[in-house]
Amino acid sequence: AASAFNVFVLENFTSLSSTVEGRIAVGGNLNLQNFSVGDKLDPSKLHDVAIVGGKVTFPSGRIYYGNLLAGG
């Protein structure tokens with residue numbers, strides 16, 4: 001299951017000022033600032049770009065070509 005993601009984290013994930021070119025999965029809470037996710041994905045398809053089991057804090061940045069799903 002992890003092979004479909006560029007980042008696959010079982011716990012919390014925090015990062016500042018970076019990019020994940022594909023998809024991201026986080027089992028705990030996600031905290032991103034000045035961050036972009038999914039900019040190299042196929043723009044003709046919508047994806048679940050970020051899947052998060054906990055809460056999301058994402059005050060600045062962008063999700064490309066799809067959705068952010070959060071359980072918290």
Options [x] 0.99; [y] 1.03; [z] 0.92 for Rg/Rh (Cα atoms, Kirkwood Rh); the value derived from the coordinates is listed as [z]
Starting at the first residue of segment 31-37, write each ³J(HN,Hα) from the Karplus equation 6.51 cos²θ - 1.76 cosθ + 1.60 with θ = phi - 60°, in whole Hz, x for Gly and Pro. 10, 10, 9, 6, 9, 10, 9
Which far-off residues, 5 or more places away or on another chain, put their amide H under 5 Å from the one on Ala25, with H placed in the peptide plane? Val7, Phe8, Val9, Ile51
What does the accessible area per residue of the chain come to in Å², with a 1.4 Å probe and no ligands, DNA or RNA counted? 59
J(HN,Hα) series, segment 40-54, from Karplus relation 6.51 cos²θ - 1.76 cosθ + 1.60, nearest Hz, glycine and proline x: 9, 6, 5, x, 7, 10, 8, 10, 7, 6, 10, 10, 10, x, x
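The values are calculated or read from the model by the stated rules, or taken from the named source; none is laboratory data. Here the structure is a predicted model, which means the values were calculated and not measured. Side chains are part of the model used for accessible areas, which takes the heavy atoms of the whole protein and leaves out ligands, DNA and RNA. Shrake-Rupley method; radii C 1.70, N 1.55, O 1.52, S 1.80 Å.
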